[in-house]
Amino acid sequence: MTADLSTERPGRQGLPGARSPFPLSMHVPAMLSDDPMIVAFLDALDEVWAPAISTLDCFDAYLDPHLAPPDMVAYLGSWIRALTADARDEAELRHDVATGFRTAEWSGTATGLHDRLVPREAGHLEIRDPGGIHTSTVATDPHEWEEPDDRSVTLIVTDLKQASARSVEQLRNIVRDLVPAHVPIDLQVQ
């Protein structure tokens, strides 16, 4: 089951009684600082302003996937195109974002598919990729290029831990994110 970790904590929350390190009542003229209504109003504004100051003071922690709040970790993952859609819990989400650069190196390859799918599904995975990359050092006519017989990537998954329709569809979505868009996918779960 996939948890939508981005909605569990919907953003930064106010902290009741939080104090600003720069109280507004200390920066008003003396005649206003004696007025209890003005002081109470400024104290209320300080409580609203304190979380913003705290966020800015701790901004470097918001960029570290091991320290940031879960909703920020999911947002960081979108910056680097980390594969976070199938994260099952917060620890897995943090790991996916922290190692997203390694995943990107192998994206679209059989190695990338294998490394992403085998640890999650605890099954056996066979990948059949016809390849078909051709390079040339001289200009050639595109009409003379050879077309591969089969352009599809075939994945045969056996011993899937949870072989439900939902887990197979989730597996299909993961594969769709990892395989280049122009390559047809044939996913077989046995």
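The values are calculated or read from the model by the stated rules, or taken from the named source; none is laboratory data. Everything quoted here is computed from the prediction, not taken from an experiment. Cβ placement follows ideal geometry from the backbone for every residue including glycine, while neighbour counts extend to all protein chains displayed.
Every test in (1) modelled with pLDDT of 75 or more; (2) surrounded by 11 or more Cβ atoms within 10 Å (Cβ to Cβ) is passed by A163 save one, and that test is (1). Filtered by the rule that a residue be part of a helix (DSSP H, G or I) and either within 19 Å of S167 (Cα to Cα) or more than 17 Å from the chain's Cα centre (by Cα) (or both), the stretch 97-119 gives A110, T111, L113, H114, D115, R116, L117, V118, P119.
Residue-by-condition table, conditions (1) surrounded by fewer than 10 Cβ atoms within 10 Å (Cβ to Cβ); (2) more than 13 Å from I185 (Cβ to Cβ); (3) in contact with a His (Cβ under 9 Å, 6 or more places away or on another chain); (4) at pLDDT below 75:
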{"residue": "G132", "(1), (2), (3), (4)": "no, yes, no, yes"}
{"residue": "T135", "(1), (2), (3), (4)": "yes, yes, no, yes"}
{"residue": "V138", "(1), (2), (3), (4)": "yes, yes, no, no"}
{"residue": "D141", "(1), (2), (3), (4)": "yes, yes, no, no"}
{"residue": "V153", "(1), (2), (3), (4)": "no, no, no, no"}
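Restricting the first member to the stretch 155-180 and to residues that are closer than 21 Å to T109 by Cα and of a type in the set (S, T, Y), and the second to residues that are exposed (fewer than 13 other Cβ atoms within 10 Å of the Cβ) and at pLDDT below 80, the beta-carbon pairs closer than 8 Å and six or more apart or on different chains are T158/H124; T158/Q190. Residues being within 30 Å of S107 (Cα to Cα) and surrounded by 14 or more Cβ atoms within 10 Å (Cβ to Cβ) are represented in the stretch 43-63 by at least one member. Are there helices (runs of 4 or more DSSP H) fully within the stretch 1-69 with at least 2 residues that are under 36 Å from the mean Cα position of the chain (by Cα), modelled with pLDDT of 75 or more and not aliphatic (A, V, I, L, M)? List them. Where helices (runs of 4 or more DSSP H) fall fully within the stretch 1-69 and carry at least 2 residues being under 36 Å from the mean Cα position of the chain (by Cα), modelled with pLDDT of 75 or more and not aliphatic (A, V, I, L, M), they are 36-57, 59-62. Whenever a residue of the stretch 43-63 is within 20 Å of L32 (Cα to Cα), its partners that are in a helix (DSSP H, G or I) and among the hydrophobic types (A, V, I, L, M, F, W, C), lying with C-beta atoms within less than 7 angstrom and at least six residues away or across chains, give the pairs L45/L24; D46/L24. Take R88 and tell me if it is surrounded by 11 or more Cβ atoms within 10 Å (Cβ to Cβ) and assigned to a loop (DSSP other than H, G, I, E, B). So R88 passes the test. The condition of being touching a Ser or Thr at 6+ places or on another chain (Cβ under 7 Å), surrounded by 11 or more Cβ atoms within 10 Å (Cβ to Cβ) and within 30 Å of L171 (Cβ to Cβ) holds for D71.
Take the conditions (1) closer than 30 Å to P23 by Cβ; (2) surrounded by 15 or more Cβ atoms within 10 Å (Cβ to Cβ); (3) modelled with pLDDT under 90; A82 misses just one of them, which is (1).
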